[in-house]
Amino acid sequence: MSRSRVGSAVSTALIGAAAVLLLTTACGGGGGGTEAAGNCTPKHQFSTIDKGTLTVGVYDLPPYAMTTGPDGMSGVDADVLREIAKRECLTITAQAGNTASLIPSVQQGRADLAIGDWYRTVPRSKVVNLSAPLYLDQMGIVSDAGLSSVTELQGKKVGTVDGYLWVKDLQQVLGDSLRLYPSAVDMNQDLKAGRIEVGVDSYGSALFTHKGVATKVLVAQSDDRVAASKEAAQATFPMAKDNQDMLKAFDETIAELHKDGTITKILEANGLPASAEQTGAPRLIP
């Protein structure tokens with residue numbers, strides 16, 4: 001939902017060594033530990049910011065990504081990334097951020113990649129590499145009234161998350177009635193408190209967040225004024241533009257995870273439909 005790398009080193013297997021996984025949050029440090037497998041041979045060779053470690057930017061967008069868990073991250077993207085790291089004999093350092101900060105973090109070499117339902121878009125492809133598609137997601141509208149069109153949002157107090165794909169288009173349509181939030185968590189708190197009437201969120205995330213409550217979550221109807229409403233987006237891992245070896249390695253492993261059913265199992269385990277795995281060929285949306 002969006003410059004140069006420094007300190008790159010070739011990732012190699014750390015035989016018999018344990019690496020502590022660190023979580024850096026806005027409020028301080030913390031987190032648990034995991035070990036790279038002993039006698040592990042990586043499937044590919046590519047550079048990372050820190051040798052033997054993937055440095056990952058993460059923000060809260062359940063069920064795709066959360067800054068909680070024994071290694072400082074959880075959710076669909078985290079589960080997929082762990083499968084890749086395991087095959088490459090890498091440990092993971094999770095860095096908590098917000099939607100607006102993570103792509104710049106990758107661009108500026110502070111993180112190898114970012115997780116959290118990032119869409120494959122033309123503008124994003126110009127500043128970072130985008131991995132092969134992981135799953136599909138759509139623009140969702142959250143309201144008590146069951147609204148589903150952009151036209152129905154006009155005249156309402158609407159919230160969405162800064163950095164989401166549809167922000168600029170919605171600002172053109174809704175003007176000052178659109179309020180931006182640093183995270184979906186903050187937006188949903190205001191929605192629950194009645195400070196906004198409608199939330200615009202990732203459909204999958206909204207389904208997860210509002211499961212079992214009266215609030216209605218509907219896929220946004222196609223509207224020419226909001227490009228993101230016109231077709232389902234493919235989620236990706238944004239990574240450094242100059243690391244083609246890493247992109248190739250990720251793309252090959254993601255293809256394996258689709259083929260062997262791992263991504264389908266991860267989606268279902270996180271409360272999402274198996275059909276989201278059927279991404280089709282890689283494409284970019286405007």
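The values are calculated or read from the model by the stated rules, or taken from the named source; none is laboratory data. As the structure is a prediction and not an experimental result, all values here were calculated from the model. Heads up, the Cβs are rebuilt from the backbone with ideal geometry, glycines too, and the neighbour counts pull from every protein chain shown. Protein only, heavy atoms only, side chains kept; ligands, DNA and RNA dropped before computing areas. Shrake-Rupley method; radii C 1.70, N 1.55, O 1.52, S 1.80 Å.
Observations on the structure shown:
- The sum of -39500 (n - 2.57) across all DSSP H runs of n ≥ 4, divided by the residue count of the chain, sets its helix-only mean residue ellipticity at 222 nm to -7500 deg cm²/dmol.
- A convex hull fitted to the Cα coordinates of the stretch 51-102 yields 66 cubic angstrom per residue.
- In this structure the chain gives 42 Å² per residue of accessible area when probed at 1.4 Å with all protein chains present.
- In terms of its Cα atoms, the stretch 150-286 spans 47, 35, 26 Å along the principal axes, sorted from long to short.
- Contour excess over end-to-end distance, with Cα ends at residue 68 and residue 256 and 0.36 nm allotted per residue: 65.0 nm
- Antiparallel %, DSSP beta bridges [both residues in the chain], to 5: 60 percent
- Whether the stretch 141-207 is rounded, prolate or oblate, judged on the alpha carbon gyration tensor where a/c under 1.5 counts as rounded: rounded
- Cα-based Rg and Dmax for the stretch 30-129, where Dmax is the largest Cα-Cα distance (Å): 13.3, 41
- As a fraction of the 1.4 Å probe accessible area of the chain, surface on carbon and sulfur atoms comes out at 52 percent.
- A compact globular protein would have a Cα radius of gyration near 2.2 N^0.38 Å; the ratio found for the chain is 0.99.
- Taking the centroid of alpha carbons for each part, the stretch 90-144 and the stretch 223-255 are 9 Å apart.
- Applying both filters, DSSP loop and at most 14 other Cβ atoms within 10 Å, to the trypsin sites (Lys or Arg not before Pro) of the stretch 85-154 gives 126.
- Semi-axes of the equivalent ellipsoid for the stretch 78-212, Cα gyration tensor, largest first, Å: 30, 17, 14
- Each 10 Å bin from zero up to the one holding the largest Cα-Cα distance in the stretch 155-194 carries the following percent of pairs: 33, 55, 12.
- For the stretch 142-280, the number of Lys pairs separated by eight or more positions or lying on different chains, with C-alpha atoms closer than 27 Å, is 23.
- Averaging over all projection directions, the Cα-based convex hull of the stretch 237-278 occupies 3.3 nm² in the image plane.
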